[in-house]
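Contents: one structure, followed by commentary.
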Amino acid sequence: MNQLKGTGVAMVTPFKKDGSVDVPALKKLTDHLVDGGVDYLVVMGTTGETSVMDKEDKKLVLDTVLATNAGRKPVVLGLGGNNTLDLCAQLDRMDAAGLTAILSVAPYYSKPTQNGLFEHYKALSEHSKLPIILYNVPGRTGCNLLPDTVQRIAFDCRNVIGIKEASGNMEQIMTIIRERPKDFLVISGDDSITMPLMAAGADGVISVIGNAFPAEWSAMVKHAAKGEVVEARAIHYRLLELVQLLFVEGNPAGIKEVLSHLDVCENYLRLPLVPVSQLISERMRRVMIDEELLR
């Protein structure tokens, strides 16, 4: 799946002040990312505030991105949860037109065993028309998809093609890289450690900061993929402080604040998420000015 190597972006969902989906801003963001040179788009992930969107909202967002993208970049759809039977039913009736793969987060809240995680993804694999990318983010799900389980899924589930790894555990991720089957993608889920992970053999990133700076972040990832460490490191450190600030008061509050400074979309979120504080906003703006990131 070479088209899913490099820079994917976990797209935000722009909202209006009344909480409705801001369709013009979503179209603007889609063009911003495609024109910025990202390799693929990821819709309906955590950064897209999927957990507070109903079926109609989700359809509107996906239809808007697909229509605006118009086949220019691969599109990955976030589809996960802790109800395996319901997810299988959704996969059975899904219209996969225009989509390249599914990104499916590990079941949250119920804290399944490693065998439960395997059986969950095995079931999804049997029902999905599309390739599946695992998504391990234990800080949100309450369970950790361990390397042995990833390896078992990768070898036993015919259409699981990779993992977005956001455990933050470098040793764990390097173990997955070392033990994976040929062509199984290991994708960074943390912008701050993408460069060192790529040096260790990862295939790219599904990025948050890429919403705001697709050209810069894509350039960093391309340099890292080519082993051009000096060039990759320069961009990594130029953006590192801003990346860190994105998550001080939660995602996607941080990236939406940055996008509002760039006039890509307004900084409206749906409760229980709220905008970042004035202090963090001012720090973000100062970093962008210092690093000449405000256009």
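Derivation of every value follows stated rules applied to the coordinates shown; laboratory data play no part. Note that the structure is a prediction, hence the values are computed from the model and not measured. Ideal geometry is used to build each Cβ from the backbone, glycine not excepted, and the neighbour counts take in all protein chains shown.
I need the full set of residues from the range 92-106 which are part of a loop (DSSP other than H, G, I, E, B) and out of contact with any Ser or Thr (no Cβ under 7 Å at 6 or more places or on another chain), in order please.
In the first step, residues of the range 92-106 are kept if they are part of a loop (DSSP other than H, G, I, E, B); the result is 94-100, 106.
Matches in the range 92-106: 94, 95, 96, 97, 98, 99, 100.
Scan the range 125-160 for residues that are buried (at least 19 other Cβ atoms within 10 Å of the Cβ), over 21 Å from residue 89 (Cα atoms) and under 21 Å from the mean Cα position of the chain (by Cα) and the total you get is 8. Could you list all residues from the range 161-171 that are more than 17 Å from the chain's Cα centre (by Cα) and of a type in the set (A, V, I, L, M, F, W, C)? Hit for the range 161-171 is 170, nothing else.
The set of residues from the range 29-59 being over 21 Å from residue 222 (Cβ atoms) and surrounded by fewer than 17 Cβ atoms within 10 Å (Cβ to Cβ) comprises 51, 52, 54, 55, 56, 59. Contact map, the range 259-276: first residue more than 16 Å from residue 20 (Cβ to Cβ) and touching a residue at least 60 places away in the same chain (Cβ under 8 Å), second residue charged (D, E, K, R) and part of a helix (DSSP H, G or I), Cβ cut-off under 7 Å, separation 6 or more or different chains; pairs are 264/28.
Being surrounded by 22 or more Cβ atoms within 10 Å (Cβ to Cβ), of a type in the set (Val, Ile, Thr) and within 15 Å of the chain's Cα centre (by Cα) is a description that applies to residue 206.
Of all residues in the range 122-149, those satisfying the criterion of being part of a helix (DSSP H, G or I) and over 16 Å from residue 1 (Cβ atoms) are 122, 123, 124, 126, 127, 138, 139, 140, 141, 147, 148, 149.
Among the residues of the range 266-278, not a single one is among the charged types (D, E, K, R) and under 19 Å from residue 168 (Cα atoms). Among the residues of this structure, residue 122 counts as one that is basic (Lys, Arg), more than 18 Å from residue 44 (Cα to Cα) and surrounded by fewer than 22 Cβ atoms within 10 Å (Cβ to Cβ).
Residues that are in a loop (DSSP other than H, G, I, E, B) and among the aliphatic types (A, V, I, L, M) within the range 187-208 comprise 200, 202, 208, listed in sequence order.
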